[in-house]
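Report on the structure given below.
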Amino acid sequence: MSILEQYPKTFRNMTERLRAVLERVPGGVEAREREALAQAINGMADKACDLNEIFQRMLEPTSSEELADLFAAFEMTVEQIRGDSDTIDGRLYEIADRLKGETPAPVEE
């Protein structure tokens, strides 16, 4: 199996637990948004684990071909994280403010 076929690798599926955490937000988080945020957070956390593993592998002695695949795997994983960050897009700041009892700043769209 090539290096590129090994990723994404980490899959912890903590979305149910994350949905439960988001239910604790004062004023609530709409069910659809709660699900989207839970999936995005879980996906980003899993990809961060993969990214760290790829990074560690880059630092080990390896062939030029393997290093090329690791660089490509790193870039692809970053792109996947970037995609999930579009879902979050400042929403966690607002949620954090609500949890602290502060008036949230308007989210720019």
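The values are calculated or read from the model by the stated rules, or taken from the named source; none is laboratory data. Note that the structure is predicted; figures quoted are calculated from it, not measured. Neighbour counts run over all protein chains shown; Cβ positions are idealised from the backbone, glycine included.
Can you find a residue in the range 32-42 that is at negative phi and outside any helix (DSSP H, G or I)? Among the residues of the range 32-42, not one is at negative phi and outside any helix (DSSP H, G or I), which makes the answer no.
Determine which single condition residue 104 fails, assuming it passes every other condition in (1) at pLDDT below 95; (2) assigned to a helix (DSSP H, G or I); (3) in contact with a helix residue (DSSP H, G or I) (Cβ under 7 Å, 6 or more places away or on another chain). Evaluating residue 104 over (1) at pLDDT below 95; (2) assigned to a helix (DSSP H, G or I); (3) in contact with a helix residue (DSSP H, G or I) (Cβ under 7 Å, 6 or more places away or on another chain) leaves (2) as the failure. Residues in the range 1-29 that are in contact (Cβ under 8 Å) with a residue 40 or more places away in the chain, closer than 30 Å to residue 75 by Cβ and assigned to a helix (DSSP H, G or I): 4, 6. If the condition is being surrounded by 19 or more Cβ atoms within 10 Å (Cβ to Cβ) and over 21 Å from residue 93 (Cβ atoms), then the range 16-46 contributes only 46.
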